[in-house]
Amino acid sequence: MNLHIPLVTALLIAWLSGCHSAEEEKFQGYVEGEPVLVAAQQSGQLTSLTVRRGDEIKTGMPLFSQDPTTEAAGVSQAKAQLAQTRAQLGNLATGKRPPEVAVIEAQLKDAEARRTLSAEQLGRQQALVAKGFVSAESLDAARTQLARDEANVAQMKAQLATARLPGRKDERAAAQAQVLASEAAVEQNTIRLEQKSQRSPVSGQVQDIYYRIGEWAAPGQPVVSILPAENIKVRFFVPEPTLGALRTGQTVEVHCDGCTVPLPATIRFISPTAEFTPPVLFSEKNRHRLVYLVEAWPQPKDAAHLHPGQPVDVSLNVARQ
């Protein structure tokens, strides 16, 4: 008997086993996308729609617009209220109008003239009383009249000073607060008007359009669905025995029909629970029947070759990790 035959056979079996372990493990999966839903921020009738399903768009491109009539009227009203509050603040800051101040100045001059006349009358009465031509009562009456005229002059001076002063501090503060509130109202209504026209927040492909021109879109209701390349991922399932060889951050290769070369993808999520499993006992013999969901994300430049719903094969390259 040739003793070398069993040795050759053993070596051949070991070689074949080594080749098998180096082979890539492939698992079935599919492509899935997480679209960005662009919703209407204000209620209104859709007046324009500038994109179609399947369009490739860039960030900032216009998507749709709604009837802005109500919001435009709100902006006009807010601007008018702002002009009113600013005028009120300016009025308080400058005091009374020049014609009103001129009236008070004329009244002051009249009061000063009356005071001068009363002073002269008092002087004459004092001379007459000294000579005994008039009674002391006449002198008292002249003194009283002079005191009245002096008080009237002081009153008119105070009114003139008050007319030239701006409004009280509290009144000016209240008017300033009204101006700030009106400016905020203008800004708020302007934002509402701008929100009637929506632009794309991301670059990607238009996946779906949920409203048409003429339809009423409520706030928060998606109008356009956009799928960015960075939101495309691959979902595949691995059996329980392979689960221990996986980790987040690990690179896998995605194979698809039409792909000339495998596309690299990075594992970001490994499900902690089994999915799509039959009712089996968790025995050592049945563990291979448990499968776990794994999600891997390709690079955006590679994701452009994949389409949601597309079936793919994923190789883990466990032997090469």
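The values are calculated or read from the model by the stated rules, or taken from the named source; none is laboratory data. Every value quoted in this text rests on a predicted model; they were computed, and no experiment measured them. Positions of Cβ are generated from backbone atoms using ideal geometry, with glycine treated the same way; all protein chains shown enter the neighbour counts.
Taken over region 207-260, the criterion of being under 21 Å from G44 (Cα atoms) and of a type in the set (V, I, T) is satisfied by I209, I213, V223, V224.
Need at least 3 residues that are closer than 16 Å to D55 by Cβ and β-branched (V, I, T) per element, so show me which strands (runs of 3 or more DSSP E) inside region 173-257 make the cut, counting only ones lying wholly within it. Show your work before the answer.
Details: elements: 197-199, 204-209, 222-227, 232-239, 251-255.
Passing ranges, in order: 222-227.
How many residues are buried (at least 16 other Cβ atoms within 10 Å of the Cβ) and either out of contact with any Ser or Thr (no Cβ under 8 Å at 6 or more places or on another chain) or without any contact (Cβ under 8 Å) to a residue 24 or more places away in the chain (or both) when one looks only at region 238-252?
5
Annotation note: of L316, L293, L263, the sole residue that is at pLDDT below 85, touching an Asp or Glu at 6+ places or on another chain (Cβ under 9 Å) and not assigned by TED's automatic domain parsing to the domain that holds A40 is L316. Kindly indicate whether any position in region 50-60 is touching a His at 6+ places or on another chain (Cβ under 7 Å), surrounded by 11 or more Cβ atoms within 10 Å (Cβ to Cβ) and either at pLDDT 95 or above or in the same structural domain as Y292 (by TED's automatic domain parsing) (or both). The answer is no; no qualifying residue exists. The residues of region 145-196 that are among the hydroxyl-bearing types (S, T, Y) and modelled with pLDDT of 90 or more, listed by number, are S182, T190. Taking the numbered list (1) at pLDDT 90 or above; (2) part of a strand (DSSP E or B) in turn, T273 passes all entries but (1).
Figure legend. Inter-residue proximity from region 111-126: first residues touching a residue at least 40 places away in the same chain (Cβ under 8 Å) and within 26 Å of L160 (Cα to Cα), second residues buried (at least 16 other Cβ atoms within 10 Å of the Cβ) and of a type in the set (S, T, N, Q), beta-carbon distance below 6 Å, spacing 6+ or different chains. Indicated pairs: A111/N152. With respect to the conditions (1) surrounded by 17 or more Cβ atoms within 10 Å (Cβ to Cβ); (2) at positive phi, G132 lacks only one, and its number is (1).
Answer yes or no: is there a residue in region 127-138 that is closer than 30 Å to T190 by Cβ and of a type outside the set (S, T, N, Q). Checked region 127-138: no residue is closer than 30 Å to T190 by Cβ and of a type outside the set (S, T, N, Q). With the condition kept exactly as written, say whether any residue in region 207-224 is basic (K, R), within 18 Å of P62 (Cβ to Cβ) and surrounded by fewer than 16 Cβ atoms within 10 Å (Cβ to Cβ). Yes, there is a match, as at least one residue in region 207-224 is basic (K, R), within 18 Å of P62 (Cβ to Cβ) and surrounded by fewer than 16 Cβ atoms within 10 Å (Cβ to Cβ).
Taking A136, is it at pLDDT 75 or above and under 25 Å from D149 (Cα atoms)? Criteria not met by A136. Do we find that Q45 is within 18 Å of the chain's Cα centre (by Cα) and either over 30 Å from T251 (Cα atoms) or modelled with pLDDT of 95 or more (or both) in this structure? Criteria not met by Q45.
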